[in-house]
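The values are calculated or read from the model by the stated rules, or taken from the named source; none is laboratory data. As the structure is a prediction and not an experimental result, all values here were calculated from the model. Virtual Cβ from ideal backbone geometry, glycine too; neighbours counted across all protein chains shown. The area values use the complete protein model at the heavy-atom level, side chains included, leaving out ligands, DNA and RNA. Shrake-Rupley method; radii C 1.70, N 1.55, O 1.52, S 1.80 Å.
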Amino acid sequence: MKQGKVFSIEEFSVFDGDGIRTTVFLKGCPMRCVWCHSPESQTYESEYLRSPNGCLHCDRCLDAGEKETGKRVLSRASVAACPRNLVRLCGETFDAETLCERLLREKDVLDASGGGVTFSGGEPTMQAEFLLECLRLLKGKLNRGLQTCGKCPPAVFEKIAEECDLILFDLKIFDKAAHLKYVGADNEDILINFDIALRSGAKVVPRMPLIPTLTDTESNVNDWCEWLNERGVKYVELLKYNKMAGSKYKLAGRVWNPPFDESIDCVVRKEIYEKHGIEYKIV
Amino acid sequence: MTDKVKEFLAFHRKREYRKTRRTIDFEKIEPEDLNMWPATVMKQVSEAEDLRLYPQDIFGFNRSVANLPDLKGFHMGNITPDYPFALKFGLGGMTNELRRLKSVNPDKAAFYDGAIAGFEALEKLAARQADEAEKQGNTRLADGIRAILSRPPHDYYEALLTQRAMTYLLRVVRMDHVTMGRFDKYMYPFFLKSLEEGATKDELLEMTELYFISLNLDTDIYSGIQQGDNGQSLVLGGRTKESEDIFNDLSEIVLCASEELCLIDPKINVRVNKNTPLSRYERCTRLTAKGLGFPQYSNDDVVIKGLTDLGYDYDDAVEYTMAACWEFIVPYVAYDIVNIRTMNFPKAVRQATIDDLKNCKDFEEFFACANKQVDAQFAEHIEIAKEHAAREIYPNPVACAFITPCREKGIDRINGGAKYNNYGLHGLGIAPAVDALAAIKTRVFEEKSITKDDLIAALEANFEGWGELRSLLLSSPKMGNNEDVTNDIAVRLMDHFASVVNGTPNGKKGAIWRAGTGGSMDYVYMARGVGATADGRKADEPYPSSFSPSIGVKANGLISVISSFTKPHLVKTVNGGPLTIEIHETVFNHPDGIPKVAMLVQNFIRLGGHQLQLNAIAREKLLDAQAHPENYPDLIVRVWGWSGYFNELDLCFQNQIISRTEYGI
């Protein structure tokens, strides 16, 4: 039985595909996008987080952590120490069968609304074996979606794509050098994997995050539109930059220091999409 | 929105007119015949009114007197009065009909005289209102009133005007919580008549909006626990006895008016069933997105069956409406007291824990003890309700003229004139009680990670010094996560509750008790004085609103919540009380948000939920409104079965609302 690390299971996720869906967020990501809004998703290792909503700032969590580990950090003991139950372990280990059982509990509602389950992250393909086992266990039982950045060895991605009914595929920066600079990885595999996704038979939805001055530029949007056009893809979803992106950094005990001006609104370059005959939807 | 509506709305929002009302030191008149009291008060108050009209006001009947003479004991409420009677006869016609009924039932002259005197006072008030309107050049209102004084209303405007006058009368004679019932059913013929005579839908929308603003003008002086708790709720859609869906163009206009005005009244309920199309839910979700806390949904498949199981005739049950909050009532013919007492579930479980846990060898024994506490509370409620009934000695023929059988037979509700005289028992704090039971089952009996003695000591110490034990309780299974342990306990606890309550005679002839899942202001008031409970809740902390996950519980999510809360046999708890869920307002701004929330509601109904109330809410906004109330004069929130202005709520209710949003998605 394959085990995997999940950092959140979100029911009724409105933004991750058709119908009513449950999204499973797998921990760990090969990329380090400078605009990442879920820093707790980046590493594979589990970590303890404290929710700021309702926090009394009594620091009993840190006292307990210190007692347990010798360092003033959150630890296992912090979970029980919090009087409001706000400290949680981010990164719970599941075996595939248990996770799928849990997801199938809500099959009735998910099916009735034309929805299903979406595996997201982090980057879910980082836990390829676990993901594959889950997808296979759910085959024919639930609509299986994948939300991916596309950064994955193509041979592995091909196997995963074959097991998906829906692929939400992120397209970030087209220019190789800029991609490397702002995303922390090259985009060669991503371009290959998008074609694999298109061939897989799954419904593919390209999604472009609009990050002010980084991905919403005229040239970047134009490059992607041309590239989509060559493949006959006539539809794209646009994700507007979330100005709260930095809020979780504090929660995870990190510093948020984006190399772009957050106060600028991202631009929807309507005319470019229209020029290429690509229908877009802001989600 | 037209300029007329904008002007009237702006005028209302300033609320300046409220400062110009008078307070009167009414002369204390005590007629020998109690039957004459309500009419006497109506006469006193109506004669004191200055009959003011406001800019763009086409409905009048505004209150210029802020207070009312004492009518203690005469009050009644939470019923849907017989609007078809008023619409069939008009203002003058109703009085004549009462005179005719008196001649048929001469032995009931005292009842009819009491009623007729009240209606005559209303006619006089109406005539004066018409004169005043004419004087101010408002010929439309003057003509309208004169028309309904001399004959039945014939179009939509006259029908609304009739209802306006009737509502004035009822509130003065202390029918508090005058609910509006199936508005799109009884108003529809008049609406069609207006269309037929050339009115456009836009004109009728404008008229509806002006009417709704009128309904809000005097809500600050209506009786209620908090401002906004006044019972002006109406019902849209639902089936007829021929199983036809009545949702129509007028229903759509009501939704549209409510969406444009964003006022607290009227609160809107929508009746749906398993075949209601998704588009209907989408339409209603657009109203939810406004953040007013309505519409509230109710499920015809469950409620009609539940009511007929309780003994209501099918023809009555199929017409069901909502009382002020959520209680399912039968309009026109019933005098049910739907909120007479409240079962305090967490208190029952706590009592069993303190008294009996030590002696229980397994969970089943303990569960039986908890059920016995439920029985004991119910026995107390029965006794207290008897005392309540013994105090019901004040006849109110004016109000009873709007209960069909009372009117037709000349028998007041206190003498059993109504067709149904049942009592409703709210079921408060079901989720925290289930959570407490589940914690005891898993921690004490299965894992044995908490000893009985420690648990009892911790509850008695209000968890002082028992932080880790409390954390264990807090992390125990919670209702709303769709787990077998909590689902099973909820089903069994509620089945027991319903089996004890439903059908138990309430002492009135042929009348019974009915079980529900609601809990009004008691989620704050009745939680006070209840010590710590085994779900981890500390003494005095509030319960969740009605039938909802415990406060502070981070449930798996909304799909699990609707699945869990539809597991119990809700057909047995049709005294009502909604599952209440909070969804962050940003979800509704997303293009997929509206259809997906609509799907969620549709699934809740499909799974057999009885009632659902959704709030679009932003916690940050509520916190900011507490800090800077001056910036949020019009912020509306759902409080329990009704919506009110956030700034006008007591702090304890503001805080309960904020705390239940902590885990809203």
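Here are some residues: B:ILE354, B:ILE384, B:ILE329. Which one is out of contact with any strand residue (DSSP E or B) (no Cβ under 7 Å at 6 or more places or on another chain) and either closer than 23 Å to B:VAL178 by Cβ or not assigned by TED's automatic domain parsing to the domain that holds B:MET36 (or both)?
Values: B:ILE384 fails: out of contact with any strand residue (DSSP E or B) (no Cβ under 7 Å at 6 or more places or on another chain); B:ILE329 fails: out of contact with any strand residue (DSSP E or B) (no Cβ under 7 Å at 6 or more places or on another chain).
Just one listed residue meets the conditions, B:ILE354.
B:THR586 fails exactly one of the following numbered conditions: (1) more than 13 Å from chain A (Cβ to nearest Cβ); (2) surrounded by fewer than 23 Cβ atoms within 10 Å (Cβ to Cβ). What is the number of that condition?
All conditions pass for B:THR586, except number (1).
Open to solvent by 60 Å² or more (accessible area, probe 1.4 Å), within 14 Å of another protein chain (Cβ to nearest Cβ) and either part of a loop (DSSP other than H, G, I, E, B) or among the acidic types (Asp, Glu) (or both): is that true of A:ASN257 in this structure? Steps first, please.
Working: open to solvent by 60 Å² or more (accessible area, probe 1.4 Å): yes; within 14 Å of another protein chain (Cβ to nearest Cβ): no; either part of a loop (DSSP other than H, G, I, E, B) or among the acidic types (Asp, Glu) (or both): yes.
Against the criterion (open to solvent by 60 Å² or more (accessible area, probe 1.4 Å), within 14 Å of another protein chain (Cβ to nearest Cβ) and either part of a loop (DSSP other than H, G, I, E, B) or among the acidic types (Asp, Glu) (or both)), A:ASN257 does not qualify.
Among the candidates A:LEU191, A:LEU142, which residue alone is closer than 17 Å to A:ARG231 by Cβ, more than 16 Å from the chain's Cα centre (by Cα) and without any contact (Cβ under 8 Å) to a residue 60 or more places away in the chain? Please lay out each step first, then the result.
Values: A:LEU142 fails: closer than 17 Å to A:ARG231 by Cβ.
Result: A:LEU191 is the single residue among A:LEU191, A:LEU142 that is closer than 17 Å to A:ARG231 by Cβ, more than 16 Å from the chain's Cα centre (by Cα) and without any contact (Cβ under 8 Å) to a residue 60 or more places away in the chain.
Determine whether A:THR217 is at negative phi and either among the polar types (S, T, N, Q) or open to solvent by 40 Å² or more (accessible area, probe 1.4 Å) (or both).
Judged against the criteria, A:THR217 is a match.
Report whether or not B:ILE354 is in contact with an Asp or Glu (Cβ under 8 Å, 6 or more places away or on another chain), open to solvent by 30 Å² or more (accessible area, probe 1.4 Å) and among the aliphatic types (A, V, I, L, M).
Answer is yes for this residue.
Take the stretch A:133-153 and flag every residue that is part of a helix (DSSP H, G or I) and open to solvent by less than 10 Å² (accessible area, probe 1.4 Å). Even if it seems obvious, please write down each step before you answer.
Keep residues of the stretch A:133-153 that are part of a helix (DSSP H, G or I), which gives A:133-138.
The answer is A:CYS134, A:LEU135, A:LEU138.
Among what's in the stretch B:596-608 and is surrounded by fewer than 24 Cβ atoms within 10 Å (Cβ to Cβ) and more than 9 Å from every other protein chain (Cβ to nearest Cβ), pick the residue that is farthest from A:ASP18 (Cα to Cα).
This residue is B:GLY608.
B:LEU558: modelled with pLDDT of 95 or more and either at the interface with chain A (Cβ under 8 Å from one of its Cβ atoms) or touching a His at 6+ places or on another chain (Cβ under 6 Å) (or both), yes or no?
Details: modelled with pLDDT of 95 or more: no; either at the interface with chain A (Cβ under 8 Å from one of its Cβ atoms) or touching a His at 6+ places or on another chain (Cβ under 6 Å) (or both): yes.
Spelling it out, it is not the case that B:LEU558 is modelled with pLDDT of 95 or more and either at the interface with chain A (Cβ under 8 Å from one of its Cβ atoms) or touching a His at 6+ places or on another chain (Cβ under 6 Å) (or both).
Where residues in the stretch B:241-294 are assigned to a loop (DSSP other than H, G, I, E, B) and among the aliphatic types (A, V, I, L, M), which of them is surrounded by the most Cβ atoms within 10 Å (Cβ to Cβ)?
Step one: filter the stretch B:241-294 for residues assigned to a loop (DSSP other than H, G, I, E, B), giving B:241-244, B:246-248, B:262-266, B:273-277, B:289-294.
After this cut, where a residue has to be among the aliphatic types (A, V, I, L, M) as well, the list is B:246, B:263-264, B:289, B:292.
Numbers: B:ILE246: 17, B:LEU263: 23, B:ILE264: 27, B:ALA289: 19, B:LEU292: 22.
Checked the stretch B:241-294; the qualifying residue surrounded by the most Cβ atoms within 10 Å (Cβ to Cβ) is B:ILE264.
Can you run down the residue pairs with Cβ atoms below 8 Å, 6 or more apart or on separate chains, where the first is in the stretch B:461-476 and within 7 Å of chain A (Cβ to nearest Cβ) and over 12 Å from A:PRO83 (Cβ atoms) and the partner is open to solvent by 40 Å² or more (accessible area, probe 1.4 Å) and not in a helix (DSSP H, G or I)?
Taking only residues 6 or more apart or on different chains, the pairs are B:SER475/A:ASN85.
Exactly one condition in (1) charged (D, E, K, R); (2) away from chain A (no Cβ under 12 Å); (3) open to solvent by 10 Å² or more (accessible area, probe 1.4 Å) is false for B:ARG514; which is it?
Here B:ARG514 meets the rest and fails (3).
If B:ILE411 satisfies all but one of (1) open to solvent by 30 Å² or more (accessible area, probe 1.4 Å); (2) within 14 Å of chain A (Cβ to nearest Cβ), what's the number of the condition it fails?
(2)
Please determine, by comparing only the residues of the stretch A:18-53 that are within 14 Å of chain B (Cβ to nearest Cβ), modelled with pLDDT of 90 or more and in a loop (DSSP other than H, G, I, E, B), which one is most open to solvent (accessible area, probe 1.4 Å).
By that ranking, first place goes to A:ASP18.
Give me a count of the residues in the stretch B:636-664 that are open to solvent by 30 Å² or more (accessible area, probe 1.4 Å) and either at positive phi or away from every other protein chain (no Cβ under 14 Å) (or both).
5
Kindly indicate whether B:LEU51 is open to solvent by 30 Å² or more (accessible area, probe 1.4 Å) and under 17 Å from B:ALA121 (Cα atoms). Break it down stepwise before answering.
Values: open to solvent by 30 Å² or more (accessible area, probe 1.4 Å): no; under 17 Å from B:ALA121 (Cα atoms): yes.
When the stated conditions are applied, B:LEU51 does not pass them.
Hey, among A:LEU99, A:LEU56, A:LEU89, which residue is hydrophobic (A, V, I, L, M, F, W, C), under 27 Å from B:SER564 (Cα atoms) and open to solvent by 60 Å² or more (accessible area, probe 1.4 Å)? Full working, then the answer.
Numbers: A:LEU99 fails: open to solvent by 60 Å² or more (accessible area, probe 1.4 Å); A:LEU56 fails: under 27 Å from B:SER564 (Cα atoms).
Matching residue, one of A:LEU99, A:LEU56, A:LEU89: A:LEU89.
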